[in-house]
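Worksheet for the structure shown next.
The values are calculated or read from the model by the stated rules, or taken from the named source; none is laboratory data. None of these values were measured; they are calculated from a predicted model. Virtual Cβ from ideal backbone geometry, glycine too; neighbours counted across all protein chains shown.
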Amino acid sequence: MNPGFPSRRRLLGLAAAAGVCGLVPRVQAAAPETLGSIAARAGLLYGASIAAEVESDKDYAALYMRETAIVTTDYAMKFDALRPTEEQIDFSGADRIVAFAQANGLLVRGHTLIWNENAPAWLKRKSSAEIERIFDSHIETMVTRYAGKIHSWDVVNEPFWPDHGKPGGFRDGPWFAAMGESYVARALKRVASLDKEARLVINEAHCEIDNGWGKAIRPRLLMLTERLRDQGVPLHAVGLQGHLQPQWAYDDRYFRAYLERLARLSVDLYITEMDVNDESFDPDPARRDQQVAWRYGDFLNAVLSVKAVKMVVNWQLSDKYSWYADPALARKIKGWRHRPLPFDAALARKPAWQAMADAFAARGR
Ligand code: G3I
């Protein structure tokens with residue numbers, strides 16, 4: 001099965017940029033290496049989440065065009081972004097991002113059809129029967145609207161959250177409350193019936209962390225994947241988000257072994273939201289950037305040794321637009337701005353860029 005590489009045109013563009021295809025005329029210097037071109041040579045898709053900033057920040061848009069082969073809709077395709085009220089569905093943000101990606105030969109990850117976390121208040125007031133109807137109709141509306149334009153759907157995001165105390169450690173929310181665990185298979189089957197091309201993904205957080213959350217979620221995700229495979233439910237890949245939290249316990253070797261166990265269920269593996277929380281690192285930005293780079297390198301060297309890993313996606317490209325920079329979300333630690341990504345707020349490469357490039361290249365050797 002084609003693991004969803006960019007089109008031949010895009011790949012030649014990437015390869016030409018990397019100067020490896022030998023078609024680059026001698027007189028031209030090869031275009032500078034990019035994370036996308038280096039990853040493509042190693043059989044990987046590299047990308048980043050993308051949001052409305054690319055419409056106003058043309059330099060940032062250009063960075064996506066240079067560095068990525070695939071983009072994930074950060075907010076625009078979420079239920080609450082699309083449907084702030086019951087009467088209204090606003091596709092405009094999602095349509096603009098999909099159009100940008102198509103105009104620039106970038107593949108698109110649709111994030112996310114079903115997530116118990118971001119339900120608008122009006123949905124929570126509905127009866128279970130109404131929620132089931134809305135569930136089916138939302139999936140049908142989105143999947144038919146974007147059919148042929150989506151490389152992969154995060155069909156279900158973050159199915160587990162044991163802290164909610166629900167049976168099986170499932171995340172509570174309107175979809176789970178109305179249908180129990182069955183909402184997962186129901187969503188996957190419905191998408192598969194509407195789009196035969198898009199790859200279907202369950203996307204989960206925390207598995208790369210070796211604290212209570214990681215230890216509780218990993219086995220549950222593995223068993224859910226196993227049940228879905230045993231029941232013949234369509235599922236192509238499992239997304240592990242990769243929001244690295246070095247301030248907490250982690251064991252890359254153990255996580256690598258976990259990925260191998262998932263891979264034995266014949267699913268591809270995507271690292272879908274990678275960034276590094278630098279709150280526990282050195283206050284000096286230069287030293288902190290090096291620590292972030294080391295963390296990226298260690299993590300990627302571990303996970304990229306697993307053949308089933310086919311994709312690595314950052315959660316945004318630049319510190320300027322990281323979710324850690326969002327005043328509503330950011331933990332202002334020691335009064336500094338977080339530096340979690342391969343490009344700084346001025347869109348310049350950081351040591352993390354080189355660490356990622358080296359890990360991609362090592363995969364290709
Ligand atoms: O765009 C609206 C704006 O019009 C409005 O004025 C403003 C104030 O209400 O809200 C803006 O939307 C915000 C949106 O980000 C875009 O900035 C939402 O309130 C805010 O909740 C939303 O936060 C996002 C969060 O998911 C919830 O959707 C974060 O940016 C995003 O990084 C985060 O991403 C999640 C993944 O989807 C799943 N994995 C974890 C990851 C990090 O939490």
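Tally time: how many residues in segment 248-264 are more than 16 Å from the ligand (Cβ to nearest atom) and outside any helix (DSSP H, G or I)?
4
For Glu260, indicate whether it is more than 30 Å from Arg288 (Cα to Cα) and not aromatic (Phe, Trp, Tyr).
Yes: the conditions hold for Glu260.
Mind checking whether some residue in segment 327-342 is part of a helix (DSSP H, G or I) and not polar (S, T, N, Q)? Give the derivation first.
Taking segment 327-342 as the starting set, the residues that turn out to be part of a helix (DSSP H, G or I) are none.
Scanning segment 327-342, I find no residue that is part of a helix (DSSP H, G or I) and not polar (S, T, N, Q), so the answer is no.
Taking segment 230-247, which residues are closer than 25 Å to Arg190 by Cα and either assigned to a helix (DSSP H, G or I) or among the small types (Gly, Ala, Ser) (or both)?
Hits for segment 230-247 are Asp230, Gly232, Ala237, Gly239.
Among the numbered conditions (1) touching a residue at least 12 places away in the same chain (Cβ under 8 Å); (2) assigned to a helix (DSSP H, G or I), tell me where Arg227 comes up short.
Among (1) touching a residue at least 12 places away in the same chain (Cβ under 8 Å); (2) assigned to a helix (DSSP H, G or I), Arg227 violates only (1).
Counting only residues that are out of contact with any Cys (no Cβ under 8 Å at 6 or more places or on another chain), within 14 Å of the ligand (Cβ to nearest atom) and more than 16 Å from Val313 (Cα to Cα), how many does segment 208-222 have?
So the count comes out to 2.
With the checklist (1) basic (Lys, Arg); (2) in contact with a strand residue (DSSP E or B) (Cβ under 9 Å, 6 or more places away or on another chain); (3) within 16 Å of the ligand (Cβ to nearest atom) in hand, flag the one item Arg83 doesn't pass.
(2)
Restricting attention to segment 290-312, does a residue exist that is in contact (Cβ under 8 Å) with a residue 40 or more places away in the chain, within 16 Å of the ligand (Cβ to nearest atom) and not in a helix (DSSP H, G or I)?
Yes, segment 290-312 contains at least one residue that is in contact (Cβ under 8 Å) with a residue 40 or more places away in the chain, within 16 Å of the ligand (Cβ to nearest atom) and not in a helix (DSSP H, G or I).
So is Asn277 within 16 Å of the ligand (Cβ to nearest atom) and crowded, with 23+ Cβ neighbours inside 10 Å or not?
So Asn277 fails the test.
Taking Thr112 as the residue in question, decide whether it is in a strand (DSSP E or B), modelled with pLDDT of 95 or more and among the β-branched types (Val, Ile, Thr).
For Thr112, the condition - in a strand (DSSP E or B), modelled with pLDDT of 95 or more and among the β-branched types (Val, Ile, Thr) - is met.
Does Leu259 satisfy the condition of being aliphatic (A, V, I, L, M) and touching a Lys or Arg at 6+ places or on another chain (Cβ under 6 Å)? So that I can check it myself, show each step before the final result.
Details: aliphatic (A, V, I, L, M): yes; touching a Lys or Arg at 6+ places or on another chain (Cβ under 6 Å): no.
Judged against the criteria, Leu259 is not a match.
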